Amino acid sequence: MANNKDDIVLSIHGMSKSFGRNRVLDHINLDVKRGTVMGLMGENGAGKSTMMKCLFGTYQKDEGTIFLDGKETNFSGPKDALENGVAMVHQELNQCLERNVMDNLFLGRYPVNSFGVVDEGRMKKEASELFRKLGMTVNLTQPMRNMSVSQRQMCEIAKAISYNSKVIVLDEPTSSLTVQEVDKLFEMMRMLKEQGIALVYISHKMDEIFEICDEISVLRDGNLVMTKSSKETDMNELIAAMVGRSLENRFPPVDNTPKDAILSIQHLSTKFEPYLQDVSFDVKEGEIFGLYGLVGAGRTELLETISTCAVEKIK
């Protein structure tokens with residue numbers, strides 16, 4: 001882990017941003033060291049997204065300076081940031097699903113030969129070399145639509161690295177991944193650390209934060225309230241920093257007894273995509289019913305189907 005000022009690759013000094021009278025960021029100071037993973041945490045609305053948008057030039061900051069490799073910089077937008085070595089992998093992947101891996105990798109910057117024609121041979125060679133270095137086996141001609149979410153995410157990270165990125169921001173990267181896919185992602189992140197790339201890891205999952213991050217910073221109400229080594233803090237301190245008070249009971253005791261079922265779903269299936277097959281459950285009066293699943297598992301479709309059936313019955 002880096003220890004001195006020479007190892008700071010990205011530095012944010014006094015960043016502030018307001019929308020009208022609402023101050024969203026209040027003089028943020030943050031240093032990200034080369035070859036480390038910086039965990040960025042905070043409740044929804046704490047200012048994480050706004051800070052990243054100010055960093056990438058999507059928003060114009062009101063105050064503050066940004067230094068990359070010791071040089072002051074102001075990015076005009078995400079493309080400018082990417083071309084200067086700062087990349088972001090978003091939670092919602094924005095890819096051309098009908099195009100293949102190679103096309104997505106070079107989208108917007110196709111190499112051309114001396115005749116001005118797209119050089120597919122060079123594209124294939126550079127893409128193959130990139131994935132080989134990352135220890136990934138990828139079919140370059142495969143449409144993105146046919147790949148799993150984790151594979152598509154790995155391709156997005158590979159694209160960021162292809163710009164010779166010094167800093168890569170990962171926004172909630174594990175929200176749609178299985179445990180095995182998370183392990184694979186963390187393996188790649190450790191490989192990038194060894195290559196001297198700095199990673200900013202935005203997440204609400206504390207177990208992952210402590211597993212992969214070297215340092216952890218916490219935003220609360222637009223203020224950076226804590227930055228510590230992950231080895232020098234614990235979950236209780238993080239929670240207190242995020243909510244602004246100590247929580248004695250993270251999981252309050254359940255002291256109510258659910259009554260009879262007020263909603264009963266039995267053997268619910270749909271004929272059209274996305275398909276639901278034989279779904280059954282009861283929701284009882286006085287209970288909180290949790291519905292869990294990865295993106296694409298059918299949670300939204302299930303609730304939409306139930307709502308549609310209820311509306312039709314009322315009619």
Test of understanding: extend the Cα→C-beta vector of Gln60 to 7 Å, then name every residue of the range 76-90 with backbone N under 12 Å from that spot. 76
Between Ile288 and Gln180, how high is the FRET efficiency from 1/(1 + (r/R0)^6) when r is the Cβ-Cβ distance and R₀ = 22 Å? Nearest 0.05. 0.15
Per DSSP, the loop-located trypsin sites (Lys or Arg not before Pro) within the range 42-123 having at most 16 other beta carbons within 10 Å are Arg99, Arg109
In the neighbourhood of Leu97 defined by beta carbon distances under 15 Å, the net charge of the other residues (Lys, Arg +1; Asp, Glu -1) is 0
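For Glu156, Glu208, Glu304, give the ranking by accessible area with the largest first, probe 1.4 Å.
Glu304, Glu156, Glu208
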Translational diffusion coefficient of the range 60-120 at 4 °C, 1.567 mPa s, Stokes-Einstein with Kirkwood Rh over Cα pairs, in µm²/s as a whole number. 89
So which of Lys48/Lys71; Lys125/Lys159; Lys159/Lys228 end up more than 25 Å apart by C-alpha? Lys159/Lys228
From largest to smallest, what semi-axes in whole angstrom does the range 169-315 give when each is the square root of 5 times an eigenvalue of its alpha carbon gyration tensor? 39, 23, 13
May I ask you to give the average projected area over all directions of the convex hull of the Cα atoms of the range 85-127, in nm² rounded to one decimal? 4.1
Determine, at each q value in 0.13, 0.16 (inverse angstroms), the log₁₀ of I(q)/I(0) that the Debye formula gives when each Cα of the chain is one equal point scatterer. -1.08, -1.34
Figure the gain on full extension for Asp234 and Glu83 (residue separation times 0.36 nm, minus the Cα-Cα span) and round it to one decimal in nm. 50.7 nm
Using a 1.4 Å probe on the protein heavy atoms only, what accessible surface does Phe210 show? Give it in Å² to the nearest 10. 60
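The values are calculated or read from the model by the stated rules, or taken from the named source; none is laboratory data. Quantities reported herein were computed from a predicted structural model and do not represent experimental measurements. Ideal geometry is used to build each Cβ from the backbone, glycine not excepted, and the neighbour counts take in all protein chains shown. For the accessible areas, the whole protein counts, side chains as well, though only heavy atoms, and no ligand, DNA or RNA atoms are used. Shrake-Rupley method; radii C 1.70, N 1.55, O 1.52, S 1.80 Å.
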